[in-house]
1. Per residue, how many Å² of accessible area does the chain show with a 1.4 Å probe?
2. Using the alpha carbon gyration tensor of region 33-72, what are the three equivalent-ellipsoid semi-axes (square root of 5 times each eigenvalue), largest first, in whole Å?
3. For K155 and K80, compute 0.36 nm times the residue count separating them, minus their Cα-Cα distance, and round to one decimal in nm.
4. Once you charge only the Cβ atoms, +1 for Lys and Arg and -1 for Asp and Glu, what is the size of the charge dipole of region 133-190 about its Cα centre, to the nearest 20 debye?
5. Which of the GluC sites (Glu not before Pro) found in region 15-99 are in a DSSP loop and have at most 15 neighbouring Cβ atoms, other than their own, within 10 Å?
6. What's the carbon and sulfur percent of region 1-81's accessible surface, probe 1.4 angstrom, rounded to a whole number?
7. When only the heavy atoms of the protein chains count and the probe is 1.4 Å, how do Y117, Y86 rank by accessible area, highest first?
8. From the residues W53, P90, I41, which one has its Cα farthest along the dipole of region 40-102 in the positive direction, the dipole being from +1 and -1 charges on Cβ of Lys/Arg and Asp/Glu about the Cα centre?
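The values are calculated or read from the model by the stated rules, or taken from the named source; none is laboratory data. Just so it is clear, the structure is predicted and the values come from calculations on it, not from any experiment. Cβ coordinates were reconstructed from backbone atoms using ideal geometry, including for glycine residues, and neighbour counts include every protein chain displayed. Note: areas computed on protein heavy atoms with side chains; ligands, DNA, RNA excluded. Shrake-Rupley method; radii C 1.70, N 1.55, O 1.52, S 1.80 Å.
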Amino acid sequence: MSVKKALETFFENNNHSWNRVWGTAPRIPISEKYLNSGLIIEGSISNEHEGEWTPKLQTTPIDFSSIELKLGFRINPQLKEFLSTYWFMPLEGKTTKVDHIVLNEVLPNTDLVQNIYNYFNMNDYHYLNEGEFYMIGGFCCINCDDSYLVNFNNKNGQITAVHNFDKKSIVIAESISELLSNMRGIWDIL
């Protein structure tokens with residue numbers, strides 16, 4: 001399954017989850033960065049300062065050559081597709097292996113090239129300092145332990161939950177598309 005199709009599958013699952021429980025599209029606390037993203041649905045901001053959001057298909061191709069030159073290696077094609085297909089807020093959900101996971105947002109009003117460079121150079125957040133790891137998510141909870149970060153291995157495409165302090169990694173998916181197609185909304189029961 002392509003990453004684009006997997007994203008669409010997750011969006012559909014997540015929208016259904018939110019609508020079934022709350023009668024709304026997915027909601028997110030409003031910050032300036034989110035408010036100015038163009039993804040907040042007009043008129044949806046609540047008294048609790050949350051807004052409903054919807055993903056948007058990207059229309060301008062992203063040139064990865066300058067960032068690959070700066071990094072000194074080629075970016076895995078599935079990561080390129082994940083970063084260049086849709087604009088979206090943080091993707092929050094769960095799988096049969098993960099109690100709760102949050103993947104980083106991809107927003108049109110940010111410096112995507114700088115973000116990619118930064119997320120590839122977060123060796124302090126991965127105990128394996130050698131390799132090409134991209135921090136694709138900032139939060140993951142497994143067996144009630146919420147100390148995990150989510151990393152994408154640029155060489156083999158695997159997604160791992162990384163507990164840096166305890167120096168352990170758990171493979172949670174063989175690819176981005178596998179993870180996304182298996183993710184359900186946070187309100188779903190698995």
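1. On the way: 9860 Å² over 190 residues.
Heavy-atom accessible area per residue stands at 52 Å².
2. 33, 12, 6
3. 25.7 nm
4. Value, rounded to 20: 180 debye.
5. Here the GluC sites (Glu not before Pro) that fit, given the DSSP loop and packing criteria, are E42, E48.
6. Details: 2580 of 4910 Å².
Carbon and sulfur atoms account for 52 percent of the accessible area of region 1-81.
7. On the way: Y117 65, Y86 30 Å².
Of Y117, Y86, the descending order of accessible area is Y117, Y86.
8. It is P90.
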